[in-house]
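> Okay, handing you the structure first.
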């Protein structure tokens, strides 16, 4: 124990700072930050990536020992920011699924189970979440996060003790939010517009045939047609995942450049 305590700060300081940034990144990132993943696995993954970054030669600037707590907080904020950007782009699938659930009427289940967790009964949104996880891994999302974790040390050094949140960080956050919502809307728009045509046909039939129960006709037709359109539009989700990954890379670059 006395041998460990005698290790100089120049040795253990950079190691803890690197691990703090990487562990915070993977704790906030999608997939690795999921509640179903044990915390020990996240920490182990962060330690492995941190060791890999150290082996590549992280810039060795270390703050004074008295400023170490501030530097540690700065590393956690930098890593968490990258992870949250990835999570924000990851939500395009859930947002698109929620839009379709609302249009197909699947969200009505929450009226009968009002005390359940929010979004628990949104069928397509939950299915899109699972599909989004698969696509995120398939198109190289984890590789991008690993690269961002390693390259971030070359942009934001270890000896930073305070973060200057400038115009680049704020504009990057706004761009990431708007980009994720716009991409989700583009994924859901073709199906939503098709379902609006069904509503229009039902309205016309209701005017021409007042004795027809339009509601009992419209709901099952929209439901089955919507499920069929979702199956047909699956290739669009893969394209959306690739566009989201490209947008994520640009957002991370802008975020790190604005610090």
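All of the numbers you see were taken from the coordinates with simple rules; none came from a lab. Everything numeric here is computed off the predicted structure, so don't read it as measured data. All Cβ positions, glycine included, derive from the backbone under ideal geometry; neighbour counts span all protein chains shown.
> Could you line up 21, 207 from fewest to most neighbouring Cβ atoms inside 10 Å?
On the way: 21 28, 207 9.
With the fewest neighbours first, 21, 207 line up as 207, 21.
> How do 186, 65 line up, fewest other C-beta atoms within 10 Å first?
On the way: 186 15, 65 12.
Fewest-to-most Cβ neighbours within 10 Å comes out as 65, 186.
> Among 239-252, 220-233, how do they line up by average Cβ neighbours within 10 Å per residue, starting with the highest?
Values: 239-252: 19.3, 220-233: 14.8.
With the highest mean Cβ count within 10 Å placed first, the list reads 239-252, 220-233.
> Further question: When ranked by the protection proxy of mean other Cβ atoms within 10 Å per residue, highest first, what sequence do the peptides 22-29, 72-79 form?
Values: 22-29: 25.0, 72-79: 20.5.
Packing order, densest peptide first, comes out as 22-29, 72-79.
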